[in-house]
Amino acid sequence: MTVTVRVPAKVNVQLAVGAARPDGFHDLANVFLAVGLYDEVTVTEADELRVTCAGPDAAQVPLDRTNLAARAALALAERHGREARVHIHIDKDIPVAGGMAGGSADGAGALAACDALWGTGACREELLDICAELGSDVPFSLVGGAALGTGRGERLRELEVGGTFHWVFAAADGGLSTPAVYREFDRLNEGVRVPEPAASRDLLDALAKGDVHALAATLSNDLQPAALSLRPSLAETLTAGREAGALAGLVSGSGPTTAFLAADAGAAAEVARALRASGTCRTARVAQAPAAGATVV
Ligand code: C5P
């Protein structure tokens, strides 16, 4: 038997980052929005756990037990007293190490797929618990839509979204390490009193109303200065996107993917075309939001 699950990428429309905690993590007010770029995770019964990956960035995906998809299968199997004898195949379309939660998507996808394959009957709470153990962004990949993540980002409150938003994502050459970006955030904020992270009321209203202009005016990412410090060339991509007519642009999560909000589908297509021609990014793609979370197909 085989089960395939489709899982979306995410953009953080607000990423408010607090001071480093004693455990090294940072408290967040993290407003996630799932976007219509997807990985597909297919699980098939096999003699032993095995991971394969296909897609343009496949060579950069680890196929050992550090892969979040493998870890998800092992965690679910352990809880249900069975062995993770599955072949996990990832059809990867989400940029790798790009700040769009591609690895988290594969973890959530493998978890949902193994749950269906094995008929474990795990409730949603249990699946979300396992997701939170796997990583801060993994619970959101399971849920999709839009949500406010607090704690280290894993405690979710689902949010209303009152319309469709048109985005453009510019992929950069090479990835950025999330821990390295957080370390750079700490370095840039040394000696500064970092305020408690809080969600912006105006931003949540803009999402709820589906008001693209209000959302563009309130997008923010506290990790952006750190990502730009590590990868200064991203400033040129941001300028190119804005000059091409994007209402706003920002670094997606810890980067280096940059995200641009466009007024409508036509404007998004034009921004993507201009970004590709600008020579400031590897490629540019359009995608709509919100997108559904992990879904068996
Ligand atoms: O939870 P996840 O494994 O995705 O986190 C990757 C790294 O990002 C952590 O090891 C930590 O360095 C950083 N991080 C953080 N604060 C968060 C989330 C992630 O410092 N809230």
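Extension gain His87-Glu125, at 0.36 nm per residue separation less the Cα-Cα distance, in nm?
Between His87 and Glu125, full extension yields 11.1 nm more.
Mind checking the full-extension length gain between Asp264 and Ser233? Use 0.36 nm per residue of separation minus the Cα-Cα distance, one decimal, nm.
8.5 nm
Assign unit charges at the C-beta atoms only (+1 for Lys and Arg, -1 for Asp and Glu), then state the dipole size of the chain relative to its Cα centre in Debye, rounded to the nearest 20.
That gives the chain a dipole magnitude of about 380 debye.
Please report how far the C-alpha centroid of the stretch 208-266 lies from that of the stretch 147-175, rounded to the nearest whole angstrom.
When both Cα centres are located, 12 Å separates them.
Say each of Ala180 and Thr52 gets a label point 7 Å from the Cα, pointing the same way as Cα to Cβ; how far apart are those two points in nm?
For Ala180 paired with Thr52, the spin-label model returns 3.1 nm.
Could you give the nm distance between label points at Asn189 and Glu133, where each point is 7 Å from its Cα heading toward the beta carbon?
2.9
When the accessible area of the stretch 145-203 is computed with all protein chains present and a 1.4 Å probe, what percentage of it is carbon and sulfur?
45
Is it possible to state the helix-based mean residue ellipticity at 222 nm for the chain, with each DSSP H run of 4+ residues giving -39500 (n - 2.57), the sum divided by total residues, to the nearest 500 deg cm²/dmol? What is it?
-10500 deg cm²/dmol
Rounded to whole Å, give me the distance from the Cα center of the stretch 13-35 to that of the stretch 73-131.
That distance is 23 Å.
Return the distance in nm (one decimal) between the two label points of a simple spin-label model at His80 and Phe25, each offset 7 Å from Cα along Cα→Cβ.
For the pair His80/Phe25, the computed spacing is 2.5 nm.
Show me the GluC sites (Glu not before Pro) within the stretch 157-213 that DSSP assigns to loop and that have at most 13 other Cβ atoms within 10 Å of their Cβ.
Glu160, Glu190
How large is ³J(HN,Hα), in whole Hz, for each residue of the stretch 8-14 in order, when computed from phi with the Karplus curve 6.51 cos²θ - 1.76 cosθ + 1.60 and θ = phi - 60°, using x for Gly and Pro?
Going residue by residue, I get x, 7, 9, 10, 9, 7, 9 Hz, with x marking Gly and Pro.
Charges only on Cβ, +1 for Lys and Arg, -1 for Asp and Glu: so what's the dipole of the stretch 74-227 about the Cα centre, in debye to the nearest 20?
Charge dipole of the stretch 74-227: 80 debye, to the nearest 20.
The values are calculated or read from the model by the stated rules, or taken from the named source; none is laboratory data. Fair warning: this is a prediction, and the values are worked out from it, not measured in the lab. When we count neighbours, we look across all protein chains shown, and the Cβ atoms used for this are built from the backbone with ideal geometry, even at glycine. SASA here: full protein model, heavy atoms, side chains in, ligands and nucleic acids out. Shrake-Rupley method; radii C 1.70, N 1.55, O 1.52, S 1.80 Å.
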